[in-house]
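Read the structure below first, then the notes.
The values are calculated or read from the model by the stated rules, or taken from the named source; none is laboratory data. Every value quoted in this text rests on a predicted model; they were computed, and no experiment measured them. FYI the Cβ positions are ideal-geometry reconstructions off the backbone, even for glycines, and counts take in every protein chain you see. What goes into the accessible areas is simple: the full protein's heavy atoms, side chains included, and nothing from ligands, DNA or RNA. Shrake-Rupley method; radii C 1.70, N 1.55, O 1.52, S 1.80 Å.
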Amino acid sequence: MEAWKEQLHNHVNTIDRLKEYIHVTPEEEEAIGEMKTKWGTTPYFASLMDPEDPDCPIRKQVIPSLKERENTFGIPNYLIWKENRDTGEVRPDSIARQYDDRIAFTVTDVCANYCRHCFRKELVVDRDLKLRMDVDEGIDWIREHTEIRDVLITGGDPFILSDEKIEYVIRKLREIPHLEMIRFGTRAPIVLPQRITDGLKKILRPYHRIPIWINTQCNHANELTEETARAVYELLTCGVNVGNQAVLLKGINDDVESFRRLHQKLLTVRIRPYYVFYCEPAPGIDHFRTPVEKGAELIRDAIRGHTTGLAQPMYVIATNIGKIPLMPDYYIVDKNEKEYTLRNYKGKETKWPNMPE
Ligand SMILES: *Cc1c(COP(=O)(O)O)cnc(C)c1O
Ligand code: SF4
């Protein structure tokens, strides 16, 4: 059996299995025992957990918490609203649309790690939302909609699919003349780096006018290992760029030090920061959510100017009408006919000529 399949076969999803990796606290044990929720991770990702620290950023993303039963700020039927599934436009279940030129294409509801903060948890974790994920139906819809240039294949985790299935989806999409790019959203480089096999590379590598882009999700520097570095390197050798879409998570990455370290360390494994998402109001994840302004403050206090612009993600709120950037805006202190007054990250000011139109 290939190593990545073994990882999934030996999924860590029982108390006893979990105890092989960490000292499980009574609270963790109670949450796992009482809550009927899908959870689990790969042995690889489990091995990155701190055995002694219940506040370990990886543990919090993996192990259910009793706090998931609380829901004061979450929106019921969140995904229906967020993905515009209750509007007039008739679409297959697999197609989520917020933009004119691109869509998200859901091809599976299976994941290597069932992230506790997942905004698609109604579909992926709680499983009370059932979608028909008919790949051919989705491809037919994309073929009929000539305004779509960009398909984001998502899930679940699309890299859970077999090589054959991935090859099929890519091949079918590349036959559609109006498509200009194919993207995958996958946590595989982080939670299942073994997935980047020679077989998969063969599928991704052949030169084609339609490039493949990948965005992964890494939320804390502790998730970045030699295995991930190698997986990303292999993807890059196939001409596939790898970006990161982090989620701003309370107690995991919402402090200056963790936030900066995460974005700096991503570059050391060749992953380019792309987005930081505000933690969405899906039900049962209140305990992960910060105030909205927090992300912009962290970009101001941890990243901009403090480290290279390459490490700089865009902070966005992913809403039902698309992603809305919310960036710190503190540069133009003053402007008159003659000049601007600009302020840098250290609070220092300078003058700049105002060019009339
Ligand atoms: C996030 C998302 C996209 C892609 O957005 P980009 O800003 O281009 O990365 C497309 N469709 C849907 C429904 C999305 O949620
Ligand atoms: S991998 Fe993505 S879809 Fe799956 S549980 Fe994590 S955040 Fe949700």
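A compact table of results
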{"quantity": "In the stretch 1-80, chymotrypsin sites (Phe, Trp or Tyr not before Pro) in a DSSP loop with at most 11 other beta-carbon atoms within 10 Å", "calculated": "73"}
{"quantity": "Two-site label geometry, residue 87 and residue 175: point separation in nm, points 7 Å out along Cα→Cβ", "calculated": "2.9 nm"}
{"quantity": "Spatially proximal lysines relative to residue 338 (Cα-Cα < 24 Å; intrachain offsets below 8 disregarded)", "calculated": "348, 351"}
{"quantity": "Extension gain, residue 165 back to residue 98 (0.36 nm per residue minus Cα-Cα distance, nm)", "calculated": "21.5 nm"}
{"quantity": "Trypsin sites (Lys or Arg not before Pro) restricted to DSSP loop in the stretch 261-357 with at most 15 other C-beta within 10 Å", "calculated": "270, 338, 346, 348"}
{"quantity": "Per residue accessible area in Å² of the stretch 35-125, where ligands, DNA and RNA are left out and the probe is 1.4 Å", "calculated": "40 Å²"}
{"quantity": "Flagged links, alpha-carbon separation over 29 Å, of 60/82; 5/323; 5/294; 5/60; 36/201", "calculated": "5/323; 5/294; 36/201"}
{"quantity": "Chymotrypsin sites (Phe, Trp or Tyr not before Pro) restricted to DSSP loop in the stretch 176-256 with at most 12 other C-beta within 10 Å", "calculated": "207"}
{"quantity": "Estimated FRET transfer efficiency when R0 is 22 angstrom, pair residue 146-residue 323 (beta carbons, to 0.05)", "calculated": "0.40"}
{"quantity": "Residue among 307, 228, 108 with the largest mean-square fluctuation in a Gaussian network model of the chain, springs linking Cα atoms under 10 Å", "calculated": "307"}
{"quantity": "Rounded accessible area per residue of the stretch 273-327, 1.4 Å, Å²", "calculated": "37 Å²"}
{"quantity": "Candidate aspartates and glutamates - alpha carbon under 18 Å from residue 130, same-chain residues fewer than 8 apart omitted", "calculated": "83, 86, 93, 109, 122, 157"}
{"quantity": "Along principal axes, Cα extents of the chain, largest first, whole Å", "calculated": "68, 54, 43"}
{"quantity": "Accessible carbon and sulfur surface of the chain relative to its total accessible area, %, 1.4 Å", "calculated": "51 percent"}
{"quantity": "Antiparallel content of DSSP bridges confined to the chain, in %, to 5", "calculated": "40 percent"}
